[in-house]
Each structure stands twice: as C-alpha cells, then as structure tokens.
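Okay, structure first, notes after.
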Amino acid sequence: MWLGAALGLCAVLAIPSYFPGLGADARLTLGVFVLATVAWIATPVDDTYIALGAGLALTATGVISSETLFATLGDETIWLLICAFVLAAAVTRTGLAGRAAAFLVSGARTVRQLVHLTTAALVVTSFAVPATSGRAALALPVFLALAKVLADRGRLVVMLALLFPTVVLLSAVATLIGAGAHLITVNVLWEQSGQRLGFVEWLLLGLPLAVVSSHLAAEAVLLTSTSRADRSGPVHITAADIEAHSPAPVTGPLSIAEARCALLLATVVVLWCSEPLHRVSPAVVALIGAVVASSPALGTVRLKDALRTVPWPLLLFMAATMAMGVALSDSGAAGWLVAGLPVDAPPWLFLTVVVAVSTAAHLVLQSRSARSSVLVPLVVAAAAAAGVNPVTAALASTAAAGFCHTLPASAKPVALFADVPDGVPTYAPRDLLRLSAVLAPLTAGVVLLFALTVWPLLGVPVLLESRP
C-alpha cells in the first residue's frame with residue numbers, strides 16, 4: 001500500500017502539466033524524497049542503505065553534483081562526531097563514567113532523591129558520550145548494580161528501567177553531540193537559512209531544556225510506575241554496594257588512566273564552551289582530544305580500538321541525508337512544498353503544529369536521524385515562509401522528536417532496557433504506554449514553552465523579523 005501510494009505520487013509529479021511551477025530538478029528531488037521516506041517507514045531495508053541510494057539517485061540524475069555528495073563526508077560536524085566517539089571510547093575504557101554515577105547515586109536517602117540524582121548523572125553523560133544508544137549502553141551496568149541492590153523492591157527496579165532510557169533520550173538535546181539528528185539539523189539550517197549553530201549556542205539553548213524536561217520526566221516516571229507505599233520507604237545505597245555488582249571499581253583513589261582521562265575530558269569540554277574566546281572550531285578541539293586520548297604516551301585507548309566504536313553507518317546516513325537536504329533547498333522543492341501554507345498564522349500556532357507533528361513522528365519513523373532528515377528541511381522552509389525564525393522552529397522540531405517512548409521498538413535505549421540480562425525485572429508494554437500518555441503532552445508543552453518564552457530571552461527570537 002505504501003509503495004503503491006509513493007509510486008502513484010511520483011507518477012503524478014512526472015507530469016509537467018499538473019504542477020507547472022515545479023522545475024524538473026524539483027520533481028526529481030520530490031520523487032526521491034517521497035520514495036526514501038516511504039522506504040524508511042514501510043520496509044525493513046537499512047536506513048543507511050536507503051539514504052545512500054537516495055543520494056546516489058540525486059547525483060546520477062544531475063540534481064546535485066558528485067562533489068556535493070562526497071563533500072558532506074568531509075563536513076566538520078561529521079569529524080566532530082567521529083572524534084567525540086573516540087573520546088567516549090577512552091572514557092568507557094577507564095570506567096570513569098561509572099565511578100561518577102556511583103558517586104552521585106550513593107548520596108540518595110529517599111526514592112525521590114535516587115530518581116533525581118540518577119537523572120542528574122545521566123544528563124552529565126551527554127557531554128562525554130555521543131549518541132543515545134551509546135549512553136544507554138554505558139548506563140546499563142549502573143542500572144544492573146542498582147537493580148541488584150534493590151532486588152527486594154521490584155517496583156522500584158521497574159521504575160528505574162523506565163527512568164534510564166527516558167532521561168537518556170530527553171537529555172540528548174543538551175549538547176550538539178547528543179544525537180546525530182542534531183548535526184543534521186545544524187547542517188540543514190546552514191544550507192537553507194545561512195545560520196550556523198555552534199557548540200556553545202546549542203549548549204546555551206539545549207542544556208536548560210534538557211535539565212527541565214529530564215527532571216519533569218523523572219517525576220512522571222516516578223508517579224506513573226510506583227505507588228505511595230513504594231516511594232515511602234528509605235533508600236540507602238553506598239558506592240560499595242554498587243561496586244559489588246559493577247564490572248569496574250567505583251571507589252578508592254583515581255587510577256592514573258582515570259585521572260588523565262578526566263583531565264582531558266574536562267579540558268575538551270571547557271574548550272568547547274569557550275569557543276567564542278579562542279575561535280577554535282569544536283571539530284578541531286575534538287580532533288586534538290581524540291589524538292591525545294589515543295596517543296601511545298598519554299592515551300587510554302588504542303586508536304584502532306576507538307575507531308571500531310564509531311557508528312560508521314550513522315555517519316554515512318548523515319552525509320547522504322545532508323545531500324538530500326541540499327537538493328531539496330537548491331532545486332526549489334522545499335520552497336514549493338511550503339508555498340501554499342498560510343503565512344498569516346500566529347507564531348504560537350505554527351510552532352504548536354511543528355512540535356505536535358515532531359512528537360508524534362516516532363510512530364511512523366523509528367530512526368531519530370531519519371525524522372530530522374524528513375522534518376527539519378520542511379520545517380525550516382515553512383518557518384521562513386511564515387515569518388518564524390528558522391532556528392527556533394528547527395530546534396523545537398528536533399527537541400520534540402526526542403520523545404520516542406510509546407513502544408519498546410520506538411528507540412534503541414528503550415529497547416535495550418526492555419530486556420535486560422540476569423533476570424532483572426523490567427517494565428511491561430503497559431507501563432510504557434501509561435508513561436507515554438503523560439510524557440508526550442508534557443514534553444511537547446515544555447518544548448513549546450521554551451520556544452516561545454525562554455529561547456527569546458537567550459537571544460533566539462520567535463519571529464524572523466519584526467512584524468507591524
């Protein structure tokens with residue numbers, strides 16, 4: 001059915017008399033875009049393979065040049081992500097992240113304190129580990145250790161199984177490297193509007209949203225998955241309790257490798273945050289950090305081992321979808337798609353529609369990067385036509401697309417905690433549905449609130465230009 005609808009639409013696009021204002025390149029681009037989107041939704045074919053096929057089709061038909069297609073692989077955001085994964089491999093090898101998490105969690109004395117300290121620890125990991133699936137895998141041993149300590153309180157273990165992936169997904173918006181979708185958004189903004197968001201700008205806008213939405217989500221998880229009796233009992237977890245069930249030591253003085261890695265990571269983050277002062281690109285800073293982290297004398301991981309952790313299919317997917325975004329913009333297809341939209345709609349209504357569609361998109365497109373690849377080019381073009389700041393619209397869409405909690409298959413972190421090893425109890429699908437019924441409107445509302453009230457105070461206005 002999906003394929004038939006897509007082919008029928010492509011056949012209509014191929015008839016010039018139906019859409020006289022649409023050029024040949026725009027027709028080809030829209031046809032490829034429709035087929036790729038349907039393939040992402042309705043076929044089991046790998047997302048990266050589909051994106052590469054779409055990029056190749058646009059190149060072979062002359063919509064974009066081969067230089068444009070291959071140049072996306074050399075974009076600095078691709079290099080930023082590669083180097084960030086090398087740094088993450090160094091952090092993971094030393095066990096430093098587990099030690100930091102144990103330090104925070106061991107201070108909890110009540111269930112609510114445990115929930116919010118765990119949330120704070122997971123938010124911090126967004127600076128050290130790119131990609132939500134990597135952060136979820138890094139947090140899994142900590143969850144297993146907590147689950148064994150709390151083995152006699154089964155509902156609390158189920159609550160934690162929901163909490164970890166929820167916070168991992170919602171806190172990703174804190175940093176530019178939090179998800180590959182962020183890098184796609186940044187490149188689409190640059191290609192279509194000429195506005196570039198750097199690490200510092202994204203941090204300024206995304207970190208407050210990540211902190212607020214993560215802690216509100218933590219409360220939602222706590223209230224929807226536990227009873228008052230479950231929450232009333234005291235909690236006493238020590239670092240030694242966690243270490244007893246952890247594969248790496250979490251107590252005692254830092255080893256030389258851990259101290260060296262902590263210093264390197266702190267230096268890289270400080271340099272990222274101080275980019276306006278020294279003007280060194282975040283990708284260059286990340287490359288310096290990756291070289292040091294994998295160096296024979298000072299490093300904690302071998303370069304070839306670190307490079308094995310880089311998700312090369314994700315990078316190829318990003319590069320191909322960047323090329324698709326260029327084709328949508330340069331061919332005039334994106335402008336044509338949004339030309340019929342009403343331009344007199346109030347900004348709050350436009351952003352509400354963007355946030356609602358982006359929040360629900362995970363039901364159709366499971367890949368977060370695919371959602372941004374489809375939505376952000378259209379949102380940026382529509383925002384410009386409606387007089388809304390494209391940066392505000394793109395950030396709101398990307399942040400809202402971070403919600404993907406309805407089904408275990410909706411996101412890799414959710415699936416990872418749906419079936420944990422060692423017989424640890426985890427959540428049932430009904431627990432996830434109960435949470436998503438509360439979390440979906442809550443997340444959408446918080447994103448909309450930030451877009452309309454908080455981000456303008458931080459220098460990102462709602463309107464593209466002042467209206468009379």
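Go through Gly332, Gly325 for me and flag whichever is in contact with a Gly (Cβ under 7 Å, 6 or more places away or on another chain), modelled with pLDDT under 85 and not polar (S, T, N, Q).
Details: Gly325 fails: in contact with a Gly (Cβ under 7 Å, 6 or more places away or on another chain).
Result of the check over Gly332, Gly325: Gly332.
For the list (1) open to solvent by less than 50 Å² (accessible area, probe 1.4 Å); (2) touching a residue at least 12 places away in the same chain (Cβ under 8 Å), I need the number of the one condition that Gly445 fails.
The failed condition is (2).
Under 8 Å between Cβ atoms, which residue pairs at least 6 apart in sequence (or on different chains) link something in the range 183-197 that is within 19 Å of Gly74 (Cβ to Cβ) with a partner that is open to solvent by 50 Å² or more (accessible area, probe 1.4 Å) and hydrophobic (A, V, I, L, M, F, W, C)?
Within 8 Å, the pairs are Arg196/Trp190.
Can you pull out every residue in the range 151-164 that is free of Cβ contacts under 8 Å to residues at least 12 places away in the same chain and either in contact with a helix residue (DSSP H, G or I) (Cβ under 9 Å, 6 or more places away or on another chain) or crowded, with 24+ Cβ neighbours inside 10 Å (or both)?
Filtering the range 151-164 down to residues free of Cβ contacts under 8 Å to residues at least 12 places away in the same chain leaves 151-152.
Answer for the range 151-164, where residues must be free of Cβ contacts under 8 Å to residues at least 12 places away in the same chain and either in contact with a helix residue (DSSP H, G or I) (Cβ under 9 Å, 6 or more places away or on another chain) or crowded, with 24+ Cβ neighbours inside 10 Å (or both): just Ala151.
Given the conditions (1) more than 21 Å from Gly335 (Cβ to Cβ); (2) buried (at least 19 other Cβ atoms within 10 Å of the Cβ), which single one is not true for Asp419?
Against the list (1) more than 21 Å from Gly335 (Cβ to Cβ); (2) buried (at least 19 other Cβ atoms within 10 Å of the Cβ), Asp419 comes up short only on (2).
Can you tell me how many residues in the range 400-414 are part of a helix (DSSP H, G or I) and open to solvent by less than 10 Å² (accessible area, probe 1.4 Å)?
Keep residues of the range 400-414 that are part of a helix (DSSP H, G or I), which gives 400, 408-410, 412-414.
Next, only the ones that are open to solvent by less than 10 Å² (accessible area, probe 1.4 Å) stay: 400, 410, 413-414.
Adding up the residues that qualify gives 4.
Could you list, ordered by first residue, the pairs with Cβ atoms under 6 Å in which the first is in the range 343-358 and under 14 Å from Leu378 (Cβ atoms) and free of Cβ contacts under 8 Å to residues at least 40 places away in the same chain and the second is open to solvent by less than 50 Å² (accessible area, probe 1.4 Å) and among the polar types (S, T, N, Q), at least 6 apart or interchain?
That search, which allows pairs on different chains as well, returns nothing.
Has the range 134-144 got at least one residue that is open to solvent by less than 10 Å² (accessible area, probe 1.4 Å), over 17 Å from the mean Cα position of the chain (by Cα) and at pLDDT below 85?
Yes, the range 134-144 contains a residue that is open to solvent by less than 10 Å² (accessible area, probe 1.4 Å), over 17 Å from the mean Cα position of the chain (by Cα) and at pLDDT below 85.
So in the range 196-250, with the set limited to residues that are open to solvent by less than 30 Å² (accessible area, probe 1.4 Å) and assigned to a loop (DSSP other than H, G, I, E, B), which one is modelled with the lowest pLDDT?
So the residue we want is Val250.
Each row is one residue, and each column tells you yes or no for (1) open to solvent by less than 20 Å² (accessible area, probe 1.4 Å); (2) outside any helix (DSSP H, G or I); (3) in contact with a Phe, Trp or Tyr (Cβ under 9 Å, 6 or more places away or on another chain).
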residue	(1), (2), (3)
Arg260	no, no, no
Val291	no, no, no
Asp344	no, yes, no
Val355	yes, no, no
Ser358	yes, no, yes
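Being in a helix (DSSP H, G or I) and either open to solvent by 30 Å² or more (accessible area, probe 1.4 Å) or at positive phi (or both) narrows it down to one of Val326, Val270, Val280, Val285, so name that one.
Values: Val326 fails: either open to solvent by 30 Å² or more (accessible area, probe 1.4 Å) or at positive phi (or both); Val280 fails: in a helix (DSSP H, G or I); Val285 fails: either open to solvent by 30 Å² or more (accessible area, probe 1.4 Å) or at positive phi (or both).
Selected residue: Val270, the only one of Val326, Val270, Val280, Val285 that is in a helix (DSSP H, G or I) and either open to solvent by 30 Å² or more (accessible area, probe 1.4 Å) or at positive phi (or both).
Within the range 112-129, is there a residue that is surrounded by fewer than 19 Cβ atoms within 10 Å (Cβ to Cβ), β-branched (Val, Ile, Thr) and under 18 Å from Ala262 (Cβ atoms)?
Checked against the condition, which is being surrounded by fewer than 19 Cβ atoms within 10 Å (Cβ to Cβ), β-branched (Val, Ile, Thr) and under 18 Å from Ala262 (Cβ atoms), the range 112-129 yields at least one hit.
Looking only at the range 172-195, which residues are surrounded by 20 or more Cβ atoms within 10 Å (Cβ to Cβ) and either among the aromatic types (Phe, Trp, Tyr) or in a loop (DSSP other than H, G, I, E, B) (or both)?
Thr175, Ala179
Name the one entry in Val129, Val115, Val200, Val168 that is of a type in the set (Val, Ile, Thr) and under 30 Å from Ala334 (Cβ atoms).
Numbers: Val129 fails: under 30 Å from Ala334 (Cβ atoms); Val115 fails: under 30 Å from Ala334 (Cβ atoms); Val168 fails: under 30 Å from Ala334 (Cβ atoms).
Answer to the selection: Val200.
From Ala54, Ala71, grab the single residue that is under 24 Å from the mean Cα position of the chain (by Cα) and surrounded by fewer than 22 Cβ atoms within 10 Å (Cβ to Cβ). Spell out how you get there, then give the answer.
Working: Ala54 fails: surrounded by fewer than 22 Cβ atoms within 10 Å (Cβ to Cβ).
Selected residue: Ala71, the only one of Ala54, Ala71 that is under 24 Å from the mean Cα position of the chain (by Cα) and surrounded by fewer than 22 Cβ atoms within 10 Å (Cβ to Cβ).
Anything in the range 293-307 that is without any contact (Cβ under 8 Å) to a residue 40 or more places away in the chain and either open to solvent by less than 30 Å² (accessible area, probe 1.4 Å) or not hydrophobic (A, V, I, L, M, F, W, C) (or both)? List them, or say none.
Step one: list which residues in the range 293-307 are without any contact (Cβ under 8 Å) to a residue 40 or more places away in the chain, which gives 295-298, 302, 304.
Of everything in the range 293-307, those that are without any contact (Cβ under 8 Å) to a residue 40 or more places away in the chain and either open to solvent by less than 30 Å² (accessible area, probe 1.4 Å) or not hydrophobic (A, V, I, L, M, F, W, C) (or both) turn out to be Ser295, Pro296, Arg302, Lys304.
Could we say that Asp305 is farther than 21 Å from Gly178 by Cα, at pLDDT 85 or above and acidic (Asp, Glu) here?
So Asp305 passes the test.
The values are calculated or read from the model by the stated rules, or taken from the named source; none is laboratory data. Just so it is clear, the model here is predicted, and its values are computed rather than measured. Note: ideal-geometry Cβ built from the backbone for every residue, glycine included; neighbour counts use all protein chains shown. Each accessible area value is taken on the protein alone, full model and side chains, heavy atoms only, with ligands, DNA and RNA left out. Shrake-Rupley method; radii C 1.70, N 1.55, O 1.52, S 1.80 Å.
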